[in-house]
1. Being open to solvent by 30 Å² or more (accessible area, probe 1.4 Å) and of a type in the set (A, V, I, L, M) is true for just one of 121, 135. Which residue is that?
2. For region 141-167, give me each residue that is more than 13 Å from residue 126 (Cβ to Cβ) and either open to solvent by 60 Å² or more (accessible area, probe 1.4 Å) or of a type in the set (Ser, Thr, Tyr) (or both).
3. Tell me whether region 66-81 contains one or more residues that are open to solvent by 80 Å² or more (accessible area, probe 1.4 Å), closer than 23 Å to residue 167 by Cβ, of a type in the set (S, T, N, Q) and in contact (Cβ under 8 Å) with a residue 24 or more places away in the chain.
4. Can you pull out the helices (runs of 4 or more DSSP H) entirely within region 54-167 that have at least 1 residues that are hydroxyl-bearing (Ser, Thr, Tyr), more than 21 Å from residue 13 (Cα to Cα) and within 13 Å of the chain's Cα centre (by Cα)?
5. Specify the residue that is farthest from residue 91 (Cα to Cα); the eligible residues are those in region 1-33 that are among the acidic types (Asp, Glu) and open to solvent by less than 30 Å² (accessible area, probe 1.4 Å).
6. Hey, any hits in region 107-115 for a residue that's among the aromatic types (Phe, Trp, Tyr), in contact with a Gly (Cβ under 9 Å, 6 or more places away or on another chain) and in contact (Cβ under 8 Å) with a residue 24 or more places away in the chain?
7. Report, by residue number, each residue of region 18-53 that is of a type in the set (Ser, Thr, Tyr) and within 17 Å of the chain's Cα centre (by Cα).
8. Could you please tell me which pairs satisfy a Cβ distance under 8 Å, a separation of 6+ or placement on different chains, a first residue in region 34-58 that is surrounded by 15 or more Cβ atoms within 10 Å (Cβ to Cβ), and a second residue that is among the β-branched types (Val, Ile, Thr)?
Amino acid sequence: MWYSEDWKDYILIDAAGGEKLEYWGDVLLRRPDPQAIWTEKSKTALWSKTDATYHRSKSGGGSWEYFNKKMPQRWTVGYKNLTFNIKPMGFKHTGLFPEQAVNWDWFSNLIKNAKRPVKILNLFAYTGGATVAALSAGASVCHVDSSKGMTTWAKENVISSGLEDKK
C-alpha cells in the first residue's frame with residue numbers, strides 16, 4: 001500500500017478489526033473500513049478517546065456518535081499547498097480520500113513535466129481532491145459529478161486552496 005508522508009493535517013493512527021482510527025487535523029475519528037483487515041489494534045488507548053465514531057446500521061447507512069461537544073461541524077485539512085474542507089457525512093465519509101494523495105502526486109508530476117497544456121476530465125469527481133491537485137499542478141479541469149452538493153463542495157475546496165482563478 002502506498003501512503004503519502006506529505007500530509008500536514010491527516011494521520012492514519014491505526015487500522016484493524018474493520019475500522020480506521022484517524023486524526024483529521026486535531027479531530028480524532030473512528031470509522032468502519034472493510035479494508036482494515038488486520039486483527040489487532042495497536043493504539044488501544046486512543047480507540048476509546050475519539051471525538052466521533054461512526055456506527056453502521058444493520059438496515060444500511062449509519063450515523064455518527066459525537067463525544068466532544070466542541071467538535072466543529074466542518075473544518076479544513078492541508079496537504080502540501082492544498083486545503084480541503086472536511087465534515088463527517090451520513091455514510092461514514094469525510095469528503096476526502098486521503099489515501100489518494102499518492103495518485104495526486106503522481107499525476108501532478110506528469111502535468112508539471114508535460115511541456116504542453118494539459119486538460120483533465122475528472123468523472124465521478126466527488127468533492128474534488130483530484131480536481132484541486134490537477135489545478136494546482138497547472139492543468140485545466142472539467143469536474144463532473146452527478147451530485148450538486150458534491151460539485152458545490154469541490155468549488156469550496158478549489159477556493160480554499162486559492163485556485164479559483166484557474167480554468
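1. 121
2. 142, 159, 160, 161, 164, 165, 166, 167
3. Yes; the residues of region 66-81 include at least one that is open to solvent by 80 Å² or more (accessible area, probe 1.4 Å), closer than 23 Å to residue 167 by Cβ, of a type in the set (S, T, N, Q) and in contact (Cβ under 8 Å) with a residue 24 or more places away in the chain.
4. In region 54-167, the matching helices (runs of 4 or more DSSP H) lie at 129-137.
5. Only one residue fits best here, namely 14.
6. No, region 107-115 contains no residue that is among the aromatic types (Phe, Trp, Tyr), in contact with a Gly (Cβ under 9 Å, 6 or more places away or on another chain) and in contact (Cβ under 8 Å) with a residue 24 or more places away in the chain.
7. 23, 53, listed by residue number.
8. Partner pairs satisfying both residue conditions: 46/13; 51/27; 52/27.
The values are calculated or read from the model by the stated rules, or taken from the named source; none is laboratory data. Just so it is clear, the model here is predicted, and its values are computed rather than measured. We place every Cβ from the backbone using ideal geometry, glycine too, and count neighbours over all the protein chains shown. Ligands, DNA and RNA are excluded from the accessible area calculation, which covers all protein heavy atoms including side chains. Shrake-Rupley method; radii C 1.70, N 1.55, O 1.52, S 1.80 Å.
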